[in-house]
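Asker: Next up is a structure, given as structure tokens.
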Amino acid sequence: MRGLDTRIMLAHARIAAVIAGDDAGDEVVAGFIKAFECARLQGCHDGQVGVFTPPLLFRGEPDLLGWWQDGRESVAELAEVGAFPGCDDSAADS
């Protein structure tokens, strides 16, 4: 099911944060970062294949939805730049 692994990662990170409490360190933060990176990658993938709706399991999670949308927008921006006929990066290398 699309988005299930990412939603589980986020749940694990939240549980780890509660257990660690004030002692939460880099490992807990890394759990959140991993979940949000996976949401963004899902958005990138969805953008590449033309999927316009976020995974159902991201519903109710503004952070996951935002990172998914960020991934979709990144793909759209790259496609726009690549499709622009006047774009020539060779001049920037000199």
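Asker: Among Asp63, Asp22, Asp46, which one shows the highest mean-square fluctuation when the chain is modelled as a Gaussian network with alpha-carbon springs under 10 Å?
Answerer: Result: Asp22 has the largest fluctuation of those listed.
Asker: Run lengths n ≥ 4 of DSSP H only: what is the helix-derived mean residue ellipticity at 222 nm for the chain, with -39500 (n - 2.57) per run over all residues, to the nearest 500?
Answerer: Helices in the chain give a 222 nm mean residue ellipticity of -23000 deg cm²/dmol.
Asker: Counting only protein heavy atoms, what percent of the accessible surface of region 1-63 is carbon or sulfur at a 1.4 Å probe?
Answerer: Of the solvent-accessible surface of region 1-63, carbon and sulfur hold 60 percent.
Asker: Considering the chain as a Gaussian network with a 10 Å cut-off on Cα pairs, which listed residue, Ala39, Ala30, Ala13, attains the greatest mean-square fluctuation?
Answerer: Comparing Ala39, Ala30, Ala13 in the GNM, the peak value goes to Ala30.
Asker: Taking a probe of 1.4 Å, how large is the accessible area per residue of the chain, in Å²?
Answerer: 70 Å²
Asker: If every alpha-carbon in the chain counts as one equal scatterer, what log10 I(q)/I(0) does Debye give at q = 0.17, 0.25 1/Å?
Answerer: Log-scaled intensity ratios, in q order: -0.75, -1.16.
Asker: Out of the chymotrypsin sites (Phe, Trp or Tyr not before Pro) in region 1-58, which ones are loop residues according to DSSP with at most 11 other C-beta atoms within 10 Å?
Answerer: Sparse-neighbourhood loop chymotrypsin sites (Phe, Trp or Tyr not before Pro): Phe52.
The values are calculated or read from the model by the stated rules, or taken from the named source; none is laboratory data. Worth saying up front: this structure is predicted, and the values here are computed from it rather than measured. Here Cβ is always computed from backbone atoms with ideal geometry, including for glycine, and neighbour counts include all displayed protein chains. We work out accessible area using only protein heavy atoms, side chains counted, and drop any ligands, DNA or RNA first. Shrake-Rupley method; radii C 1.70, N 1.55, O 1.52, S 1.80 Å.
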